[in-house]
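Values in this text are rule-based calculations from the coordinates and carry no lab data. Note that the structure is predicted; figures quoted are calculated from it, not measured. Every residue, glycine among them, receives a Cβ derived from its backbone with ideal geometry; neighbour counts consider all protein chains shown.
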Amino acid sequence: MNTTGVKESKIDSKKNPNVVQTEELSGAEAVLKACIAEGVETIFGYPGGAIMPIYDALYDYMDQLDHILVRHEQGGIHAGQGFARTSGKTGVVFATSGPGATNLVTGLADAMIDSTPLVCITGQVFAHLLGTDAFQETDVINITTPVTKWNYQITDANEIPEVMAKAFYIAKSGRPGPVLIDITKNAQLQKFNYTGYTKCNHIRSYRPKPIVRKEYVEAAAAMINKAEKPLVLFGQGVILGKAENEFKAFIEKAGLPAAWTILGLSALPTDHPLNVGMLGMHGNYGPNVLTNECDVLIAVGMRFDDRVTGRLDRYAKQAMVIHLDIDPSEVDKNVKADVPVWGDCKETLPMLTSLIKQNKHEDWLNKFKDCTAKEVEVVIENELHPTSEIMTMGEVIDQLNHLTKGDAIIVTDVGQHQMVACRYAQFNQSKSNVTSGGLGTMGFALPAAIGAKYGAKDRTVVAIIGDGGIQMTIQELGTIMQSKVDVKILILNNQFLGMVRQWQQLFHEKRYSFVDIASPDYVTVAKGYGIEGNSIKQRNELKDALKKMLDHKGPYLLEVFVGKENNVFPMVPQGCGVSEIRLK
Amino acid sequence: MTRIAIIFSRRKINIESMNTSPSEVEGIHRFTIVINVTEDVVRKLVRQIEKQVDVLKAYFNTNDEIIWQEMALYKVPTDTIAEKAKVERLLRAYGARAVVIRKDYTIFETTGQREETNTLINVLAPFGLIEFVRSARVAIIKDSKGFHEKLKEFEETAPTKHIIREEITAEKAAEMDR
């Protein structure tokens, strides 16, 4: 298959004009060389027919690349996401063609909407079989187009180094996202003259960062300086831009109260005096109500999701809106910005900070305190220190906070436990909250926790999962067993698909349609996988059980039975404005 | 191509026509897409298109700002045309050109804007129009200087300067002063 044709020499001369040495390499090896050159250490994957040449090559690279064999490709990609979120690096996932590739789709969609950098490599049938309905052939490129930042099919090994370099560059730069590279089996097997790997840093049709327009930064600063009731909303952009310190300096200088989206959580320590809590449907009372009272709304790296804004025609109509975002298409998408500050917030925030005046906004901050007091009285006190016999999710999280002191990485699934965990969990450092925000993927937490642990090996990882979500990807206990992944699995079992049940109770006259979900004996299941576990129902067992879980060396599963029909409040019902938030 | 098309289909926006063609610069293709939506929607769509990794630049224009043409083919029974002199006159009047003449049918071609190609359908209908097909629109922006110059800028590594956005509206600024 080796050719010394025109195409090859063109690539060579373009990339490395002075190259003298070439080595003959298979496409499969070139893929792995690219991974190594990009600093990849951990790969999550599952082998199969069409990706066998890459796995064969991997056999020789085991000392340089740590491959984690997952139990399902969806688990692999969620692990890749968890890894990316806690490490700040790009997650790498291998899967085979056909079902292997289609199993990645949920994770791709999740990573796309939550801006998680991933490079997924899928095997594909031989190029001459494309379009023939060959065994395990599927049109992966077209299936994944709407859920990838970029995707590409390689049929000739000569393309591999350049395309891999592009893949890693696109996944990580600008607003990050998932990239999928589909490589036909012939290209993996093909021997070609490998001339080395050059990282990509420019694609002429791709602008990862818009230019920072000084006039807008100045206009924004002027607006903030005049504001009497400013409110900052921050999202994952702060974390992705590694701008936590810049952000803190910005809000501290002008005494700006800051509220977070679910993905922005942990960018600012929980106990920071300017942290006024969570936005959105199940967020805190203060930031929701006061969104409709502030005079200047400053959005930093967030995208005004409908779960944050509620009804748009009743959202912050009185306020001037300043929107900082790296992705120009986000500005004006949902909420019209009066001042768009395009650019990486790592650059724009310090520019803003230097232009704004020192301020304290004490009266305004006191309003948040008043709201918090009200919320504590009506909601939080009952959730954290309940008088009920059966435990609440909130008190479990509260107890966990006492033990972890806010140092753990918290991975959550989707549903009531997710809202409760995000509301009450304490965080001291960034990149500590891993959850499926935009897509709301049940089954995310267990595999994501595996990846989260590899992304931050010396930190404690606690996966908080409901009894619904755990059953969606429970097979990944196998991965935890085999690779001895030290994750703590905390199942909050309310014996219901709780969030759906809550909606059925509130909006569908308690018609509990198919939310009554049965669970296996999780401790026995864990035992089958060689994972130690415990299950508790009594409050007096809670502290010790949590402590035992955290102190245990290696993976551990703890199931806590909580109130069956507890609801998450406050709540902005769908179709309502944020100030119509209900406390009960 | 799919990447562009799904930006519209995902939002249930109907594409009136879509044409891909080479541009004046080798390796750069020009897509001409016709849609009928409000300016607000088209702005958002343009940003979504421009966000695609393989897209160099996206512009949006109204009909006034472009020169555009479509081409149409009409298949008509040859005997009708041969018999009726009126048809010949009509075809001349509408600037149609015979592309193929066979015993059983003749194919005419016109190039023009929508009304022009449409009118000829109505005119030919009474004489037994067998088949009709119209191409996607091709267009050129009146005050565009083309891609030769633009390309130099794209090859630079500096971030882009071209983002479509109005300045801060005067009324909002005034509101702020109050």
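Tabulated data for the structure shown
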quantity: Rounded Å value of the spacing that divides the Cα centres of the range A:250-299 and the range A:148-214; calculated: 37
quantity: Distant alpha-carbon pairs in the range A:317-435 (separation over 23 angstrom), percent; calculated: 58
quantity: Förster radius 45 Å - calculated FRET efficiency between B:PHE31 and A:ALA373 (Cβ-Cβ, nearest 0.05); calculated: 0.20
quantity: Angle in degrees between helix A:214-226 and the longest Cα principal axis of chain A, rounded to the nearest 10; calculated: 10
quantity: Per-residue HN-Hα couplings for the range A:516-522 [Karplus 6.51, -1.76, 1.60; θ = phi - 60°; Hz; x = Gly/Pro]; calculated: 7, 9, 8, 10, x, 6, 4
quantity: Over 32 Å between alpha carbons, listed pairs A:LYS191/B:LYS51; A:LYS172/A:LYS584; A:LYS166/A:LYS191; calculated: A:LYS191/B:LYS51; A:LYS172/A:LYS584
quantity: Cα gyration tensor shape for the range A:214-367, rounded if a/c is under 1.5, else prolate or oblate; calculated: rounded
quantity: Separation of the B:MET1 and A:LYS357 label points, Cα + 7 Å toward Cβ, nm; calculated: 6.0
quantity: Expected 222 nm ellipticity per residue - DSSP helices of 4 or more, -39500 (n - 2.57), all of chain B, to 500; calculated: -10000 deg cm²/dmol
quantity: Amide H partners (placed H, <5 Å) of A:GLU532, local residues excluded; calculated: A:LEU557
quantity: Folded to 0 to 90 degrees: helix A:498-507 orientation relative to chain A principal axis, Cα; calculated: 50
quantity: Degrees between helix A:244-254 axis and first principal axis of chain A (Cα, 0 to 90, nearest 10); calculated: 30
quantity: Ellipticity estimate at 222 nm from DSSP helix runs (n ≥ 4, -39,500 (n - 2.57)) divided over chain A, nearest 500; calculated: -10500 deg cm²/dmol
quantity: For A:LEU352, A:LEU439, order by how many other beta-carbon atoms lie within 10 Å, fewest first; calculated: A:LEU439, A:LEU352
quantity: Sequence-distant aspartates and glutamates (8 or more away, or on other chains) whose Cα lies within less than 14 Å of A:LYS457; calculated: A:GLU41, A:ASP66, A:ASP407, A:ASP486
quantity: B:ILE28 long-range amide H proximity, modeled H, under 5 Å; calculated: B:SER23
quantity: Prolate/oblate/rounded label for the range A:402-505 (Cα gyration tensor, a/c 1.5); calculated: oblate
quantity: Lysine pairs within the range A:294-439, Cα separation less than 24 Å, 8 or more sequence positions apart or different chains; calculated: 15
quantity: Between the range A:508-546 and the range B:39-97, the Cα center-to-center distance that results, in Å; calculated: 64
